[in-house]
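Report on one structure; see the data block that follows.
The values are calculated or read from the model by the stated rules, or taken from the named source; none is laboratory data. Just so it is clear, the model here is predicted, and its values are computed rather than measured. Here the Cβ positions follow ideal geometry from the backbone for every residue, glycine too, while neighbour counts run over all protein chains shown.
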Amino acid sequence: MVAVQNVSIDIERGSFVSLLGPSGCGKTTVLRAIAGLERPDEGSIRIGDEVVNDLPVWQRNIGMVFQNYALFPHMSVADNVGFGLRVRGAPASERRMAVAEALEMVRLGAVAERLPKQLSGGQRQRVAIARALVTRPRLLLLDEPLGALDRKLREQMQLELKLLQRRVGITTVMVTHDQEEALTLSDRIIVMNAGKVVQAGPPDEVYRDPRNAFIADFIGTSNFFSGEVVDRTAETASVRLVNGAMIAVPIVAGQAEVDTSLSFFIRPENVFLSSGKASSDEGSLRGCVLHVAYSGAVSHCYVDIGLPQPVDVLLTNANRSTPVQAPEAGDEVVLSWTRSSVTALTP
Ligand SMILES: Nc1ncnc2c1ncn2[C@@H]1O[C@H](COP(=O)(O)OP(=O)(O)OP(=O)(O)O)[C@@H](O)[C@H]1O
Ligand SMILES: [Mg+2]
């Protein structure tokens, strides 16, 4: 069996890169190959100008943090962080300085003498990061580093991790299956599926211009539609949905033939909801509110437009000087969007 295939990734020095994808797609395998814990049957792994395929783990000078950060429970924070240096036989004075510096990086100097069990989950995570940084690696690998933390702490640690990475300037590769985490932290996202890289690029590019339906669905939320192309110009296809509605979909050369089917998507934040008449030249649809799911800062309003799936409309709940009437289940509404927010999908 092949776990990953034809994976080719370039990581710029000093950047923060995320490997993102569903469970079992091969993220950990790629990380382990970079670290030297897994040997690729084909291809090469280069760090800087050096091919490291034949270099054993300990000579690659890579720092690693795994999901279960496995601190030694009977050792103090400082001894945990200094463990790698002691194994290498570094003299005590040098070790003390390096440990103090690493703990300073993660702002844990004050708890150096505590045992891991006397720390919070987030602090333990930072100890694991300090332990990975203490040998001044040229690359930091993180496998689901925040996976064990609850949501609030996780968000706090995301910010800390980003600030730390920027301060230290270390090239970092993080594995996550959390798309929001990848979007928040990364200079570049590498999306994997079934052992292959399916798209790589800066977060906003991957979000705005996902290459296929899998990515559009995996990163963020999307309203997917599919219908028959009844007419087309060079730039636009007129697509008829099964409920009879006509939608204008921007296309590129070669995309969408008349009488074939075309799939496209619109993000929930790009659909606008009103009770009045729709403007004519942009897209619009009539529908009936099924449900409004309130979640604090935003709500998702689900609108039935006579298709199997309701349309997801994102509403923000900011305080406004003139309160906007919130939609309720049963309301007749008009959905509209600008044409440029409709994205055709290549099958
Ligand atoms: N030691 C192994 N021997 C055989 N197959 C393995 C081994 N480790 C992983 N695999 C398989 O390789 C594929 C990729 O696994 P990998 O652990 O890289 O996925 P992942 O993306 O990290 O998933 P997750 O998000 O669940 O951690 C999976 O199909 C897995 O079952
Ligand atoms: Mg994994």
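Of all residues in segment 6-22, at least one satisfies being within 21 Å of the chain's Cα centre (by Cα), within 11 Å of ligand 1 (Cβ to nearest atom) and either surrounded by fewer than 19 Cβ atoms within 10 Å (Cβ to Cβ) or assigned to a helix (DSSP H, G or I) (or both). For segment 117-170: of the residues being charged (D, E, K, R) and over 26 Å from ASN61 (Cβ atoms), which is surrounded by the most Cβ atoms within 10 Å (Cβ to Cβ)? For segment 117-170, the residue satisfying everything is ARG154. The listed residues are ARG126, ARG131, and the only one of them that is touching a helix residue (DSSP H, G or I) at 6+ places or on another chain (Cβ under 7 Å), more than 16 Å from ligand 1 (Cβ to nearest atom), closer than 16 Å to VAL81 by Cβ and of a type in the set (Lys, Arg) turns out to be ARG131.
When segment 171-202 is limited to residues that are surrounded by fewer than 16 Cβ atoms within 10 Å (Cβ to Cβ) and over 14 Å from the mean Cα position of the chain (by Cα), the one that is nearest to ligand 2 (Cβ to nearest atom) turns out to be ALA194.
Quick one: would you say ARG60 is closer than 19 Å to VAL168 by Cβ and out of contact with any Pro (no Cβ under 8 Å at 6 or more places or on another chain)? So ARG60 fits the description; yes. Of everything in segment 155-188, what is hydroxyl-bearing (Ser, Thr, Tyr) and either outside the structural domain of ASN61 (by TED's automatic domain parsing) or within 16 Å of ligand 1 (Cβ to nearest atom) (or both)? Give them in sequence order. Selection gives THR176 alone. Figure legend. Inter-residue proximity from segment 133-148: first residues under 18 Å from LEU19 (Cα atoms), second residues at pLDDT below 90 and away from ligand 2 (no atom under 16 Å from the Cβ), beta-carbon distance below 6 Å, spacing 6+ or different chains. Indicated pairs: LEU146/ARG154; LEU146/MET157. Screening GLU205 with (1) in the same structural domain as VAL298 (by TED's automatic domain parsing); (2) surrounded by 13 or more Cβ atoms within 10 Å (Cβ to Cβ); (3) free of Cβ contacts under 8 Å to residues at least 12 places away in the same chain gives one miss only, at (1).
Of all residues in segment 30-59 being in contact (Cβ under 8 Å) with a residue 60 or more places away in the chain and either over 18 Å from the mean Cα position of the chain (by Cα) or over 14 Å from LEU142 (Cβ atoms) (or both), which is farthest from ligand 2 (Cβ to nearest atom)?
Of segment 30-59, the ones in contact (Cβ under 8 Å) with a residue 60 or more places away in the chain are 30-31, 34-35, 47-48.
Okay, now just the ones that are also either over 18 Å from the mean Cα position of the chain (by Cα) or over 14 Å from LEU142 (Cβ atoms) (or both), so 34-35, 47-48.
Working: ILE34: 13, ALA35: 13, ILE47: 21, GLY48: 26 Å.
Looking at residues that are in contact (Cβ under 8 Å) with a residue 60 or more places away in the chain and either over 18 Å from the mean Cα position of the chain (by Cα) or over 14 Å from LEU142 (Cβ atoms) (or both), I get GLY48.
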